[in-house]
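First the structure, in the form of structure tokens, and then the observations on it.
The values are calculated or read from the model by the stated rules, or taken from the named source; none is laboratory data. Note that this is a predicted model, so its numbers are computed, not measured. So basically every Cβ, Gly included, is an ideal-geometry build from the backbone, and we count neighbours across all protein chains shown.
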Amino acid sequence: MKIVHISDIHLTNPGEEMGGLDPHARFGRALADVLAHHADATRIILTGDLAHWGEKPAYEALRQAIAGFPIPVRLMIGNHDDRANFLSVFPDHPVDSNGFVNHAETVGDTRFLYLDSVGTQTHAGHFCAARRRWLEAELATCQRARIFLHHNPMPVGLPAEDKIALVEPDRTAFFDLIRVHSDKIDYIHFGHVHAPIHGHYAGVQFASVPSTGNQSIPDLAETELLKGAPMDPAYFVLLIQGEDTIIHQIPFAWDGPVLTAGTEWEDWAKPVEAAE
């Protein structure tokens, strides 16, 4: 099974830039690349920060961009999103009994769990007791699961970034819940950090995906300021077979030269200069 993971598209009202970039053009280019090279994907999953300022015209542009797309698209919200505005534009999007944009589906033999980790007027992540009860019920009734959310649920060793990870009280309870069910969770996937970070958490492998916009510059010493730059964007392709996962980072906007070479020993031999 192939899954495309895209995050942090940060759409604006059409015509407005975000960080000196046109986020609509970047996102459109990512979708075109997926269609050209990964049309066999089972899902495209967008893990939040769909709209940079949470405005309705941005969500309307997103709705238009994915309308009729031949690969099913799953949407999640992030800290830049506005839950009410999102649901006003996507009124049929599933929510849980408390109105959070938690939803799930079974893909193959795995329960894909899409979490709402958004708080109110904060960039830090929240996953309160009500949301944990929803997640616990889902995990208790499935044989295998894969979790997608916007926020990193653990510190990632970047002091400034970790200030807007999942908040400490929710982080501890979330960790405990994941630990209890770690034998059935294949992977945790998230965005938010605008960078590829991989590791192991509560007995489960995790990976964060770059943004389609600006990328983070990891600073393991900076405590206050988030650092980023308009470097080349990317998305992930997840190749899933049973409990095994392989992740490829796709630099879809690269415009430079592409070099090719064969795989035989002689193909990498040092060129021999002509004798004088």
Do we have any residue at all in region 90-98 that's more than 26 Å from I164 (Cβ to Cβ) and either touching a residue at least 12 places away in the same chain (Cβ under 8 Å) or buried (at least 18 other Cβ atoms within 10 Å of the Cβ) (or both)?
yes
Could you grab me the full set of residues in region 84-124 that are in contact with a strand residue (DSSP E or B) (Cβ under 6 Å, 6 or more places away or on another chain) and not hydrophobic (A, V, I, L, M, F, W, C)?
P94, H103, E105, T110, R111, Y114, S117
Out of region 1-55, which residues are closer than 21 Å to N102 by Cα and modelled with pLDDT under 95?
G48
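Matching residues to (1) over 22 Å from D40 (Cβ atoms); (2) under 20 Å from the mean Cα position of the chain (by Cα); (3) at pLDDT below 95:
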| site | (1), (2), (3) |
| --- | --- |
| Y187 | no, yes, no |
| H192 | yes, yes, no |
| I197 | yes, yes, no |
| A202 | yes, yes, no |
| P218 | yes, yes, no |
| E224 | yes, no, no |
| Y235 | no, yes, no |
| Q249 | no, yes, no |
Here are some conditions: (1) part of a strand (DSSP E or B); (2) surrounded by fewer than 24 Cβ atoms within 10 Å (Cβ to Cβ); (3) of a type in the set (A, V, I, L, M, F, W, C). I147 meets all but one. Which one does it not meet?
(2)
Determine which member of the set A269, A195, A261 is touching a strand residue (DSSP E or B) at 6+ places or on another chain (Cβ under 9 Å), without any contact (Cβ under 8 Å) to a residue 24 or more places away in the chain and of a type in the set (A, V, I, L, M).
A195
Where in region 177-218 are the strands (runs of 3 or more DSSP E), entirely inside, with at least 1 residues that are in contact with a His (Cβ under 9 Å, 6 or more places away or on another chain)?
185-190, 204-208
Limited to region 108-133, what total is found for residues that are over 18 Å from the mean Cα position of the chain (by Cα), of a type outside the set (D, E) and under 22 Å from H5 (Cβ atoms)?
3
Here are some residues: D162, D186, D176. Which one is touching a residue at least 60 places away in the same chain (Cβ under 8 Å), surrounded by fewer than 21 Cβ atoms within 10 Å (Cβ to Cβ) and not hydrophobic (A, V, I, L, M, F, W, C)?
D186
So, of the residues in region 112-128 that are of a type outside the set (V, I, T) and part of a strand (DSSP E or B), which turns out to be surrounded by the most Cβ atoms within 10 Å (Cβ to Cβ)?
G125
Where the second residue is modelled with pLDDT of 95 or more and hydroxyl-bearing (S, T, Y) and the first is crowded, with 20+ Cβ neighbours inside 10 Å and lies in region 202-226, which pairs have Cβ atoms under 6 Å and are six or more apart or on separate chains?
V204/S182; V209/S7
Output for region 225-276, where each listed residue is small (G, A, S) and not in a strand (DSSP E or B):
A234, G242, A253, G256, A261, G262, A269, A274, A275
Candidates A207, A165, A195, A202, filtered to the one that is aliphatic (A, V, I, L, M) and more than 26 Å from P23 (Cα to Cα)
A202
